[in-house]
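Participant: Below are the structure tokens for one structure; questions will follow.
Bear in mind these aren't lab numbers, they're just calculated from the coordinates by the rules spelled out. The structure displayed is predicted, hence computed values, not measured ones. Every residue, glycine as well, gets a Cβ built from its backbone with ideal geometry; the counts of neighbours run over all protein chains shown.
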Amino acid sequence: MGRMHNAIVCLTCIVLRYTLRPVSTQAESVIPSTRNREVVVSAAVNEDELADFSTNRRVLLLSAMALAIGALSALVAYALIWLIAAITNLAFYHRFSAAAAIPQGHHLGFWVVLVPVVGALVIGLMARFGSEKIRGHGIPEALEAILLGRSRIDLKVAILKPLSSAISIGTGGPFGAEGPIIMTGGAFGSIFAQQFHLSAAERKTLLVAGAAAGMSAVFATPVAAVLLAVELLLFEWKPRSFIPVTVAAIVASVLRVPLLGAGPIFPIVAHAPLSATELVIAAGLGILAGFGSGLLTMLVYACEDIFQKLPLHWMWWPAIGAVFVGVGGVIEPRVLGVGYNTIHSLLRGELVGAVVIGLLVAKALVWSIALGSGTSGGVLAPLLIMGGALGASVGVWLPVGDVGLWALIGMAAMMGGTMRSPLTAMVFAVELTRDFNLFPALLIGSVAALAVTVLLMRRSILTEKLARRGHHITREYSIDPFELARVRDVMDTDVQTVAANMKLTELSDRIAQGDSELNRRQGTLIVDDQNRLVGIITRGDIVRALRQAHTADMTLAEAGSANLTVAYPDEPLHAALTKMLSRDVGRLPVVERDNHSRVVGYLGRAAILSARMKLHEEENILQRG
């Protein structure tokens, strides 16, 4: 471990030194004017603008940071697992030990009802007087920090979230550790990133890197962790974020072996490749799981609505929900705790018949009530239990396959439909079991469940919470039309120009008299007697100039602006839009790349919006090909 730590530190230092050294400014020092500097810089970056990806060498910096974040997240995951085990032993067996333990073996009798209540009271106090952001299962909070908080998470959340989750799960809460570790790993990634001068997008990359590393360390599923980042957290598909996230996930999975042991955590005997009949059944099971996913989502938020109506402060809600957890634990002890042993029993086909149906109903009710109360805990492990129970209850009646096979497909389908992350669910199921022959069936089941949920419900269990806070997000990835279009595709080629020696008063009179050509645009290009571009004058320039004294002899060259920002016909529309935003201008002259004084077009806001209108037409107008 010591050698590995030293190697990571050395590599990080080398990459930081390389990526943070200043870019040579020799080219800038010989540029005589601001205007020329703009042109030279634009020409220099044009080659990058036309590349497949916008990634630059700063990805090496982020990857070096991801090494440290991956190692840190692995340690945090180890601490969380240790805390859960220690609290479970203390709460149910009254001993101080970090040995693996499950609540089902307790001898507390009916007194077990009090255990989750005490834990929930502690969590309520932590949320009230510590941070309200520790409530819930963590992933919506991570999404909110990414999309609305510029990827900044407080240190208080990073400390209280794993502690509250460990108390919740350790005292019998029917949750998993993945949501809390995603939030906690993301918090530490965000805190690490805030120590450096990074953009919000780069902080987001490191936040997600910490989240993916945490999931990779807990479940020994690095590929699924990266896919979860892509499908759920990053809101983009770019090498500049994908590479550092992968680095962090791999580092965490490597460090998991000495810390928590090697995977898979649910090994089973591999199945033979499935027949066409079994694949069709997998699709049917996926559809059934899709309806189950929708029912679970509605049940969770129905419980939350009920708690919202209680005449009590929300600090007490987790304790009320914990009463139902305790009663459910008396009726069906398997609903208590994270339930990894129950998941493994389902995969081995050891739970069948009425036991599985009782487990499915009890887990769904207890989990929904507890999660709706606002306590701290994750959703992934409960979804695996409920999906596995659904698959096992159906599989016992099927003429092909075994109960464990359908339990695994049910797990992937329930996860894929509820979280709307089918690729993550498919790979996650395979990495948990190493049953690679089931890839096609798991894909079919997950996608079938996704098809049902996206048609049945507008939002998932993860985004519904954000919607209730007044935030709308979309999880569909598509190419930005501004990246596809070129300036030449939308620019106005009918360019109205005015002479540089024209009097300002003459131009203002023509505008006041309703000259249609001049009134079409806010800005008008200024050219000299050889029709070369020398400036631009806007309505604002005219108004400011007319307020001054002695404007009778003022020419347009004097009133307008000669410090031009220009666009080129072959550059992406996105690059031109970036120039507008950075320079705070609403229009750009379009000039030849080799002759900056020759005007070939005019780019305004209306022209830019036409690119968006084209995408709208492609999506909504029906016509024959």
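Participant: How far apart, in nanometres, would the label points at His471 and Asp494 be if each is projected 7 angstrom from Cα along the Cα-to-Cβ direction?
Facilitator: 4.6
Participant: Okay, moving on. For Lys133, go through the lysines and keep the ones whose alpha-carbon is under 20 Å away, minus same-chain ones fewer than eight residues off.
Facilitator: Straight-line reach from Lys133, under 20 Å: Lys156, Lys161, Lys204, Lys465.
Participant: Can I ask one more? Relative contact order, percent, of the range 276-468 when contacts are C-alpha pairs under 8 Å separated by at least 6 residues?
Facilitator: Details: 312 pairs, mean separation 59.3, N = 193.
The normalised contact order for the range 276-468 reaches 31 percent.
Participant: Let me ask something else about it. Based on the Cβ-Cβ distance from Glu132 to Val280, what FRET efficiency comes out when R0 is 51 Å, to the nearest 0.05? Numbers along the way, then the final one.
Facilitator: Details: r = 47 Å, r/R0 = 0.93.
About 0.60, to the nearest 0.05.
Participant: Only one of the listed values, (i) 99, 61, 55; (ii) 96, 73, 42; (iii) 98, 85, 51, was derived from the coordinates as Cα extents along the principal axes in Å; which label is it?
Facilitator: Matching entry in (i) 99, 61, 55; (ii) 96, 73, 42; (iii) 98, 85, 51: (i).
Participant: Return one number: the angle in degrees, 0 to 90 and rounded to the nearest 10, between the long axis of the Cα atoms of helix 200-219 and the longest principal axis of the Cα atoms of the chain.
Facilitator: Rounded to the nearest ten degrees, it is 20.
Participant: Quick one: helix 605-620 against the long Cα principal axis of the chain, what's the angle to the nearest 10°, folded into 0 to 90?
Facilitator: 40
Participant: Tell me the relative contact order for the range 481-616 as a rounded percent, counting alpha carbon contacts under 8 Å between residues six or more apart.
Facilitator: 34
Participant: Here's something else I'd like to know. Let me know the shape class of the range 481-616, please: from the alpha-carbon gyration tensor, a ≥ b ≥ c as square roots of the eigenvalues, rounded when a/c is under 1.5, otherwise prolate if a/b is greater than b/c, or oblate.
Facilitator: prolate
Participant: Using alpha-carbon positions, what is the distance between the centroids of the range 66-116 and the range 283-316, in Å?
Facilitator: Cα centroid of the range 66-116 versus Cα centroid of the range 283-316: 26 Å apart.
Participant: Select from Trp314, Ala389, Ile542 the residue farthest towards the positive end of the dipole of the chain; place +1 on Cβ of Lys and Arg, -1 on Cβ of Asp and Glu, and compute about the Cα centre.
Facilitator: Trp314
Participant: Calculated FRET efficiency, Ala272 and Leu75, Cβ-Cβ r, R0 51 Å, to nearest 0.05?
Facilitator: The pair Ala272/Leu75 has a calculated efficiency of 0.80.
Participant: Relative contact order for the chain: what percent, with Cα pairs under 8 Å and sequence separation of 6 or more?
Facilitator: 14
Participant: Can you give me the angle between helix 178-193 and the longest principal axis of the chain, using Cα atoms only, in degrees from 0 to 90, rounded to the nearest 10?
Facilitator: Once rounded, the angle reads 40 degrees.
Participant: With a point put 7 Å past each Cα toward its Cβ, work out how far Trp82 is from Val361 in nm, to one decimal.
Facilitator: Roughly 4.3 nm, to one decimal.
Participant: Additional query: Can you give the helix-only mean residue ellipticity at 222 nm for the chain, where every DSSP H stretch with n ≥ 4 adds -39500 (n - 2.57) and the sum goes over all residues, rounded to the nearest 500 deg cm²/dmol?
Facilitator: -20000 deg cm²/dmol
Participant: Take Asn56 and Asn437, extend 7 Å from each Cα along the Cα→Cβ direction, and tell me the distance between the two endpoints in nm.
Facilitator: 5.2
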